[in-house]
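Each remark here refers to the structure printed beneath this line.
The values are calculated or read from the model by the stated rules, or taken from the named source; none is laboratory data. Please read all numbers here as calculations on a predicted model, not as lab measurements. With ideal geometry, Cβ positions are generated from the backbone for all residues, glycine too; neighbour counts draw on all protein chains shown.
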Amino acid sequence: MATAPPQGASGHDESPPGLDLRALRSYLDRTVPGLVSGELTAMLLAGGHSNLTFELGAGAGRWVLRRPPLGERPSASHDMGREYRVMGALAASDVPVPEVLHYCEDPSVIGAAFHLSAFVEGTVFRTTAQTALLGAERAHDVSFELVDVLAALHGVDPEAVGLGHFGRPAGFLQRQVARWTGQAEDVLAGFAGVETLVERLRTGMPESQGSAIVHGDYRLDNVLVSGDGRIVAVLDWEMATLGDPLTDLGLLQCYWEGVDNPGGDGMRKGIDPALGFPEFGELSERYATRTGTEPAGLSWYAAFGYLKLAVLRGRIHRRFLEGNTPEGFETVGDLIAPLLDQSRRTLERR
């Protein structure tokens, strides 16, 4: 006999997968009394390939709930407590973040730890249909503001905002390379040339240029842009730590330049020079000016970023095959081989 799905706060079947509204409402009424007034509703927001993001509503109130993906064991990549802590710490900085409201580490409430934040009005730009509406001048300005916010993040003193012990900056890059190349050998086993690529990344690792708060997945579609073109919130902080800031800039290059993929998913998410977006070389120069540092060895960091993205796609594809992702992930594995090819080509630029 099939088990009935969880019921919404109104008694109807309105709970999306991964969020039991009745259990959540009961929990919030006990722990954050007065926050929710009226019938609680939830909608899964599009975009993420990893953690699940829901828009909650009740009366005039709107919030955002974040939880790890379905079927995934707890890991540093889905640490809701980490995300909650770093957003709270950055609230008084020049880096725009949503206001954090509550963190629940008890997985028995909805099946995983989660946190709540205030809803921020803005647009996440993911497609050329959206970015075309910006116009060339605003697309150019948003691009440079994206780099300015990243430079501001890397300029924040971790000690000053209570994140002095947020990570282990000493040996960060070595640990990152060991972790991601090891996962590549596991998750991407069977893809041609993985072992050779892994070895080239390991042996070609540059000297780290310092330490900063790093986002871990910084890109255009991880920020909210207001109607007048300002970045009003940086999102998705679950991979943040203290480490080499060029890992952020190199990964941004991956998203900016994308990959050559006949299947269609090129990863650029609406970034097109024909729409007014500058080439990445201009952005790296802007970053150098803002931070006062020269991003030496950036091609290696970008090549490493492409490998990381291939591993992430491989893990998500595995979850899809196991039936633990929402709809829309059928083609997530198609980009793995193009990502590996782009990593190799990027290494050759050095």
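The figures follow:
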| read-out | value |
| --- | --- |
| Some residue of the range 61-82 being at pLDDT below 95, of a type in the set (S, T, N, Q) and under 30 Å from Arg179 (Cα atoms) | yes |
| Sole residue being in contact with a Pro (Cβ under 7 Å, 6 or more places away or on another chain) and modelled with pLDDT of 95 or more, chosen from Val100, Val120 | Val120 |
| Residue satisfying all of: in the range 285-301; small (Gly, Ala, Ser) and in a helix (DSSP H, G or I); nearest to His154 (Cα to Cα) among these | Ala288 |
| Test: residue in the range 177-190 that is assigned to a loop (DSSP other than H, G, I, E, B), surrounded by fewer than 17 Cβ atoms within 10 Å (Cβ to Cβ) and either among the charged types (D, E, K, R) or not assigned by TED's automatic domain parsing to the domain that holds Leu335 (or both) | no |
| Selected residue (only one of Gly111, Gly167 is assigned to a loop (DSSP other than H, G, I, E, B), under 19 Å from the mean Cα position of the chain (by Cα) and surrounded by 15 or more Cβ atoms within 10 Å (Cβ to Cβ)) | Gly167 |
| Those residues of the range 96-120 which are touching an Asp or Glu at 6+ places or on another chain (Cβ under 8 Å) and of a type in the set (S, T, N, Q), in sequence order | Ser117 |
| Residues within the range 8-32 that are surrounded by fewer than 17 Cβ atoms within 10 Å (Cβ to Cβ) and either at pLDDT below 95 or in contact with a Gly (Cβ under 8 Å, 6 or more places away or on another chain) (or both), tallied | 6 |
| Whichever residue in the range 263-309 is basic (Lys, Arg) and over 20 Å from the mean Cα position of the chain (by Cα) and, among such residues, is surrounded by the fewest Cβ atoms within 10 Å (Cβ to Cβ) | Arg290 |
